1. Does residue 16 count as surrounded by 12 or more Cβ atoms within 10 Å (Cβ to Cβ), without any contact (Cβ under 8 Å) to a residue 12 or more places away in the chain and out of contact with any Lys or Arg (no Cβ under 7 Å at 6 or more places or on another chain)?
2. Starting from the range 56-69, take each residue that is closer than 21 Å to residue 28 by Cβ and list its partners that are loosely packed, with under 12 Cβ neighbours inside 10 Å, counting only C-beta distances under 7 angstrom and pairs at least six apart or across chains.
3. Determine whether residue 32 is assigned to a strand (DSSP E or B) and modelled with pLDDT under 95.
4. Given the condition of a type in the set (Val, Ile, Thr), farther than 15 Å from residue 1 by Cβ and modelled with pLDDT under 95, answer yes or no: does some residue in the range 47-67 qualify?
5. Can you find a residue that is buried (at least 16 other Cβ atoms within 10 Å of the Cβ) and in a strand (DSSP E or B) anywhere in the range 39-47?
Amino acid sequence: MHTVARQTDGTLWAWGHNEYDQLGDGTGGGAYYAPTQIGTADTWASVTAGNWYAIACQTDGTLWAWGYN
């Protein structure tokens, strides 16, 4: 199980299990037990997550997906 969230400042945060790189940090393993910022971008408009993936949209309309997608 994992969680991905967007803060009001536009940054993206994730925590939980990361077997399929569903946290988006590029490591593809382990887990984060506390919210951890993913990347440095502050232009995220929305984010959603499924069991093994996450999908996020930036303010310019670009769509990103990671994990077991």
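The values are calculated or read from the model by the stated rules, or taken from the named source; none is laboratory data. Nothing here was measured: the structure is a model prediction, and the numbers come from that model. Positions of Cβ are generated from backbone atoms using ideal geometry, with glycine treated the same way; all protein chains shown enter the neighbour counts.
1. So residue 16 fails the test.
2. From residues that are closer than 21 Å to residue 28 by Cβ, the pairs are 56/46.
3. Details: assigned to a strand (DSSP E or B): yes; modelled with pLDDT under 95: yes.
Yes: the conditions hold for residue 32.
4. There is no residue in the range 47-67 that is of a type in the set (Val, Ile, Thr), farther than 15 Å from residue 1 by Cβ and modelled with pLDDT under 95.
5. Of the residues in the range 39-47, the ones buried (at least 16 other Cβ atoms within 10 Å of the Cβ) are 44, 47.
This time we only want the ones that are in a strand (DSSP E or B), so: 44, 47.
Yes; the residues of the range 39-47 include at least one that is buried (at least 16 other Cβ atoms within 10 Å of the Cβ) and in a strand (DSSP E or B).
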